[in-house]
1. According to a simple spin-label model (label point 7 Å from Cα along Cα-to-Cβ), what is the distance in nm between Asp176 and Met256?
2. Can you compute the charge dipole magnitude of the chain about its Cα centre, using +1 on each Lys and Arg Cβ and -1 on each Asp and Glu Cβ, nothing else charged? Give it in debye, rounded to the nearest 20.
3. Report, in degrees rounded to the nearest 10, the 0 to 90 angle that the Cα long axis of helix 43-55 makes with the longest principal axis of the chain.
4. With a cut-off of 8 Å between alpha carbons and a minimum separation of six or more residues, what is the relative contact order of the range 9-250 in percent?
5. Counting other beta carbons within 10 Å of each Cβ, put Trp23, Trp209, Trp83 in order, fewest first.
6. Going through the cross-link list Lys46/Lys208; Lys27/Lys227; Lys27/Lys193; Lys8/Lys133, which pairs have a Cα-Cα distance over 21 Å in this structure?
7. What's the angle, to the nearest 10 degrees (0 to 90), between helix 222-233's Cα axis and the longest principal axis of the chain?
8. Helix 69-82 versus the longest principal axis of the chain: what angle, 0 to 90°, nearest 10, using Cα atoms?
Amino acid sequence: MSGLMAGKRGLIMGVANDKSIAWGIAKVCRDQGADLAFTYQGDALKKRVEPLAESVGSEIVLPCDVTDAASMDAVFDELRARWGKLDFLLHAIAYADKSELKGRYVDTSPENFEMSMNISCYSFTALAQRAEKMMPDGGSLLTLTYYGAERVMPHYNVMGVAKAALEASVRYMAADLGKQGVRVNALSAGPIKTLAASGIGDFRYILKWNELNAPLRRNVSQEDVGKAGFYLLSDLSSGVTGECHHVDCGYHVVGMKAEDAPDI
Ligand code: NAD
């Protein structure tokens with residue numbers, strides 16, 4: 001199957017480099033014929049994102065920091081001027097102070113709590129407010145989440161709380177926007193080594209633990225998540241909204257973890 005996104009236009013937010021989950025999803029959407037626009041956070045990432053965007057024929061590459069409402073407005077003003085309408089939006093953005101992605105959740109500071117919630121949860125709502133105005137014929141909004149929203153994962157801490165709120169916001173926005181044919185979903189990815197993941201304490205241990213205990217006995221790849229992201233952003237998932245779709249080699253269904261796991 002090819003060309004399933006021909007004629008569709010999508011905004012990809014959250015590419016930091018070629019290891020980013022957003023890049024994995026963007027590549028599959030492009031392979032299926034979508035026209036893509038990208039945002040990058042700050043000048044340091046501009047030089048990484050621009051060549052990637054160029055490699056998939058994208059002519060729209062804009063700065064955007066989701067803590068700055070004016071920068072989000074500017075992105076949508078530009079898209080409206082260039083495209084008029086938007087078919088899909090990918091939100092692959094999260095941030096928490098690294099010093100609190102270890103130790104105890106209970107020690108989270110109010111400043112870090114507020115910032116993590118704003119960047120990792122509220123930004124998806126703020127972007128949906130802007131995107132829906134460009135989706136008169138419906139569309140698809142997708143965010144990235146993690147199992148740490150549902151169960152306690154070591155060191156995930158405030159990010160787990162923010163992801164839980166993000167998943168709830170997906171359900172509320174699905175109900176709000178469904179009437180106009182805008183679908184809202186979350187993809188819960190298994191652990192993948194990316195820039196953001198490197199900030200989480202003992203991440204290598206988490207990767208090994210998942211590999212040993214997931215039903216498929218491996219970790220997910222950027223390609224696994226890319227294909228599932230494409231499904232959720234495209235018409236292949238036309239009847240799906242308010243969903244949190246796990247792409248984690250089945251890890252979330254396992255009740256009892258292996259006792260005979262070798263030393264990890
Ligand atoms: P990444 O580092 O490649 O991407 C994170 C992105 O967030 C970066 O592009 C960064 O610029 C952006 N970002 C952070 N603060 C921002 C701000 N204020 N404004 C705009 N952009 C901002 O890492 P990734 O792992 O690809 O992360 C993408 C998403 O996937 C995140 O939501 C993450 O929580 C989620 N996720 C990751 C994993 C994993 O194991 N890597 C698993 C499940 C979910």
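Read-outs throughout are calculated quantities, based only on the coordinates presented, and are distinct from any laboratory measurement. Worth saying up front: this structure is predicted, and the values here are computed from it rather than measured. Cβ coordinates were reconstructed from backbone atoms using ideal geometry, including for glycine residues, and neighbour counts include every protein chain displayed.
1. In this crude label model, Met256 to Asp176 measures out at 4.4 nm.
2. For this selection, approximately 340 debye.
3. So the inclination is approximately 70 degrees.
4. Result for the range 9-250 is 21 percent.
5. Numbers: Trp23 24, Trp209 19, Trp83 16.
By the 10 Å Cβ count, ascending, the order reads Trp83, Trp209, Trp23.
6. Numbers: Lys46/Lys208 32 Å; Lys27/Lys227 9 Å; Lys27/Lys193 18 Å; Lys8/Lys133 16 Å.
Cα-Cα > 21 Å for Lys46/Lys208; rest within.
7. The two axes meet at around 50 degrees.
8. Approximately 50 degrees, to the nearest 10.
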